[in-house]
Structures are given as structure tokens and as C-alpha cells.
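The values are calculated or read from the model by the stated rules, or taken from the named source; none is laboratory data. In this text, all values refer to a predicted model and were calculated from it rather than measured experimentally. Because the Cβ atoms are built from the backbone with ideal geometry, glycine has one as well, and the counts that use them run over all protein chains shown.
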Amino acid sequence: MSCSAPQVDEIVERALREDLAWGDITTEAMVPSSLQGEGTFLAKAEGVLAGIGVAELTFKKVDPSIEVEALFVDGHRFGHGDKLATISGPLAGILKAERTALNFLQRMSGIATETARYVSAVGNSKTKILDTRKTVPGLRVLDKYAVRMGGGTNHRYHLGDGILIKDNHIASLKKAGCPLKEGILMVRARAPFHLKVEVEVTNHLEVLEAIAAGADMLLLDNMSPEEMKEAVRMAKGKCLTEASGGVNLKNVKAIAKTGVDFISVGAITHSIKALDISLEVGLTE
């Protein structure tokens, strides 16, 4: 992800408008425009960095003369007490952008760090950790970038990014008297040719039906490890498998041992804890 990408620009500008639409009364009343400042992004916990470029862009949009020097790059691990980046320039601009820049950096690093925990938990298995669309509305591009920085893999970015036939779609097909196979043929005929078809299944009968209907991938929803293992055996050589539902750090290793190709984890974006990072600022001597 480039920090000059239009989506990222729009996100940062929107965040700054939210915070600075009526100015920064405190800073403007107390800090002369001539004062220069410098500061350090300091890690208050160990983790994986994500969003340093977004933080820099935030400062630049407030004052282009502010300089940010990253001491770690996105995707790298850091320890408690490490200096992540230094910043220098007009003190008023630094103070105006500080909270918004930290919000991006803390959230994105929190996502990257939690993702890395899941990737580490599955060890050397072939199973990949996937994210979901359970992201903060308007921040998906940043959330998913942070997942990649933590070693995870992105699933769909949006509803046009892949074909996923879920339980409500299947129920609608049945209500219309349309078998799953006809539904898959229908969506293949109407969607871009390169998109794969994934079908949600909850039991082994549905696994057989989806395979027979020509699914490229099975979403194994809330199955036990034993059920998943059998579903993987049934799908071997026919389609890929993805485990979903109730995944956490305590059970993800056992799920990976079933042989699934992917494990999707909504928690790495929808229930994330921001990483503790501070910006220590002072006057330039």
C-alpha cells in the first residue's frame, strides 16, 4: 500500500477534518508558529509495526515541513521501550496532528500484532490466516494492510471481490426451488470469469452437495475439529477449505491440524486492542 494511494489520502483527510474542522483552540492560543519541536514515537509494549507511513502522511497534511524518520519499517517486530520513529518541525503542527497520527499507528499496529500471534500459533502448517470484512467502516484498506503486515492473508475487500454463497443465499435458492448446482452455474454465468466460487457448509451432507455442484472452495462454518478433518478429507483434490466461526488463539492450532487451507479470523480486525504507543514531544534546543 502506498501512502499516496487515493483511498488512504481520503481516509487521512477525513480524520483530520473530524479533529480540526474548528481548529485547535488550545495550540493556536498557546504555541507560537515560530516554535520548533521534536519528538519520538515510543513503544510501550512489544509488537509488530503497521501504519508508520500513514502517521507520516497525517503530519505532512497538517504541515508539509514536518519531517518523520522511521526507525522501524512496517511488518517488523519491536520491543517494549523501542523508539519507532523521530519527528521534527513546527511544534504547533506536530501537536495538531499528534492524536490522529497515533490513532492510526496504534490501531494498525494492534491489528498487525494480533495477526502475527495467530500466524505464529499455527506454526509451520500450510494453513494461512485470513481476515474478513469485519472491519471499521471506511477503514478497510488500512485494516487489511495491517493484517498483511502481521503475516496474514486478505480475503475479500468488498462484495464484488469474490463469490461467497452463504447460508442465506442457499436458503433463498431453496425457497425459489433452485438447487445449489443451478445457483452456482447462475453466478458463474453472471460474474467475472476469473472469480472462484466458495460455498458455506455446516455438515458433511452439505460438503458433498457443494463439491458435486462444482464449488472451488468450502467455508466450513462452526464445525468441530473432527468434522473439519473429515470435510478436508472429502474435499481433497476437489476444492480448497476454509475454517470459520469461533476461532481464537486457544483453538487455532487444533483447527490448523485438521489440514484446512485457510482459517478466517474476524477478531483480528473487529475486536482489536490498539497497541500502546506514545509520542514524546519537546522543544528543539
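Among 210, 191, which is more than 21 Å from residue 243 (Cβ to Cβ) and either under 26 Å from the mean Cα position of the chain (by Cα) or surrounded by 15 or more Cβ atoms within 10 Å (Cβ to Cβ) (or both)?
Numbers: 210 fails: more than 21 Å from residue 243 (Cβ to Cβ).
It is 191.
Any residue in the range 49-69 that is of a type outside the set (D, E, K, R) sitting within a Cβ distance under 9 Å of a residue that is part of a loop (DSSP other than H, G, I, E, B) and at pLDDT below 95? List the pairs, counting only those 6 or more apart or interchain.
Qualifying pairs under 9 Å: 53/1; 53/2; 53/3; 54/1; 54/3; 57/3; 57/4.
So which of 187, 136, 147 ends up being under 21 Å from residue 51 (Cα atoms), assigned by TED's automatic domain parsing to the domain that holds residue 229 and in a helix (DSSP H, G or I)?
On inspection, the qualifying residue turns out to be 147.
Can you name every residue in the range 162-187 that is touching a residue at least 12 places away in the same chain (Cβ under 8 Å), surrounded by fewer than 19 Cβ atoms within 10 Å (Cβ to Cβ) and not hydrophobic (A, V, I, L, M, F, W, C)?
162, 166, 167, 169, 179, 181
Take residue 101 and decide whether it is in a helix (DSSP H, G or I), buried (at least 22 other Cβ atoms within 10 Å of the Cβ), out of contact with any Cys (no Cβ under 6 Å at 6 or more places or on another chain) and at pLDDT 95 or above. Before the answer, list the steps.
On the way: in a helix (DSSP H, G or I): yes; buried (at least 22 other Cβ atoms within 10 Å of the Cβ): yes; out of contact with any Cys (no Cβ under 6 Å at 6 or more places or on another chain): yes; at pLDDT 95 or above: yes.
When the stated conditions are applied, residue 101 passes them.
Can you list the helices (runs of 4 or more DSSP H) lying wholly within the range 1-82 that have 2 or more residues being at pLDDT below 95 and surrounded by 20 or more Cβ atoms within 10 Å (Cβ to Cβ)?
none
Condition check: free of Cβ contacts under 8 Å to residues at least 40 places away in the same chain, surrounded by fewer than 16 Cβ atoms within 10 Å (Cβ to Cβ) and not in a loop (DSSP other than H, G, I, E, B). Does residue 226 satisfy that?
Yes, satisfied.
On the basis of being in contact with a Phe, Trp or Tyr (Cβ under 7 Å, 6 or more places away or on another chain), outside any strand (DSSP E or B) and in the same structural domain as residue 157 (by TED's automatic domain parsing), does residue 249 make the cut? Steps first, please.
Numbers: in contact with a Phe, Trp or Tyr (Cβ under 7 Å, 6 or more places away or on another chain): yes; outside any strand (DSSP E or B): yes; in the same structural domain as residue 157 (by TED's automatic domain parsing): yes.
Spelling it out, residue 249 is indeed in contact with a Phe, Trp or Tyr (Cβ under 7 Å, 6 or more places away or on another chain), outside any strand (DSSP E or B) and in the same structural domain as residue 157 (by TED's automatic domain parsing).
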